[in-house]
Amino acid sequence: MSTFKPGLYIVSTPIGNLDDITLRSLEVLKKSDIILCEDTRRSLKLLNHYKIKKKLVSYHKFNEKKELQKITEYLNEGKILSLISDAGTPTLSDPGLLLVKTCIEKKIEIFPIPGPSAITAAVSISGFDDKFLFYGFLPKTENDLIKTIISLKNLDFSLVFFIPGIKINFYLKFFKEYFSGRDILIAREISKIHETFYRDKISTIKPFKTTLKGELTIVISKIYSNNVNESDVDIVAEAAKYLKKYSLKDVVELISKKEKISKKKVYEICLKIKNNEKNN
């Protein structure tokens, strides 16, 4: 594309490594009259790296309503505007959705410029089912978090979340309670120097002893379809052994504390064992 139509361009930018940008993204940024940035300081690092000098306008979640009228005036004047976030694809757990909706209402053309995304990057190396649901940032308060997880836990999809690194242990506690029996991938610093991937079973993953910095992308596997979750095999064997010696109540209490999983989960496993024994 040597010429560009006036309108709003949603431009994906690198999530870490500055080389992860498409040639088309660079061309659009060079042709833009104005570039809307979540954080102009962070965006300047990318633009300076590629020697792109354009008018930058700060556009983030705290001023998007205030700036909306001015931005739509620019677009109505026939200007080319690009929207970029600090990293990845704008509007996905980043500012921009309000602007896109306004452009749709006012029949202003919008053009997606595809590129890097922490969501698809993490899912692509997870090894989990590729039918996934992206939720974004989970609620911060315990009550809201529990309500959200309960609404998601029975959906037959892999689940993708964004989580602040410093809060990982807080969220792991609830994952263990409601997503026990699934696998988890924690992606940190994707495409950066300290890129790290943590793989484990939710039932066995330990709290992190050191603080994880930055934003984490979490992928949780879908519900296993077989009657007994793969990660529960050892627990089933353990429960079957204890049920021969102790009461159901004592077995639930014992295994729940030992394996650090919910009593409800252990109770369901024990009931299956007892039912299987009756049928056999």
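The values are calculated or read from the model by the stated rules, or taken from the named source; none is laboratory data. In this text, all values refer to a predicted model and were calculated from it rather than measured experimentally. In this analysis, Cβ positions are derived from the backbone assuming ideal geometry, glycine residues included, and neighbour counts consider all displayed protein chains.
Miscellaneous remarks
- Just one residue in the set Ile163, Ile108, Ile119, Ile149 is part of a helix (DSSP H, G or I), in contact (Cβ under 8 Å) with a residue 40 or more places away in the chain and crowded, with 16+ Cβ neighbours inside 10 Å; that residue is Ile119.
- All positions within the range 146-168 that are under 13 Å from Ile218 (Cβ atoms) and not aromatic (Phe, Trp, Tyr): Ile149, Leu152, Ser158, Leu159, Val160, Ile163, Pro164, Gly165, Lys167, Ile168
- The sole residue among Lys241, Lys265, Lys245 that is over 30 Å from Gly16 (Cα atoms), at pLDDT 90 or above and among the basic types (Lys, Arg) is Lys245.
- When the test is whether a residue is surrounded by fewer than 16 Cβ atoms within 10 Å (Cβ to Cβ), touching a strand residue (DSSP E or B) at 6+ places or on another chain (Cβ under 7 Å) and of a type in the set (S, T, N, Q), Thr141 does not pass it.
- When Ser25 is tested against the conditions (1) free of Cβ contacts under 8 Å to residues at least 60 places away in the same chain; (2) farther than 30 Å from Leu155 by Cβ; (3) under 24 Å from the mean Cα position of the chain (by Cα), the lone failure is (1).
- Among residues that are modelled with pLDDT under 95, outside any strand (DSSP E or B) and assigned by TED's automatic domain parsing to the domain that holds Phe174, Asp130 is included.
- Test result for Leu99, part of a strand (DSSP E or B), closer than 29 Å to Asn17 by Cβ and not acidic (Asp, Glu): no
- Only one of Leu44, Leu36, Leu75 that is crowded, with 21+ Cβ neighbours inside 10 Å and assigned to a helix (DSSP H, G or I): Leu75
- Residues of the range 255-280 satisfying the condition of being free of Cβ contacts under 8 Å to residues at least 60 places away in the same chain, among the basic types (Lys, Arg) and surrounded by 11 or more Cβ atoms within 10 Å (Cβ to Cβ): Lys257, Lys258, Lys263, Lys264, Lys272, Lys274
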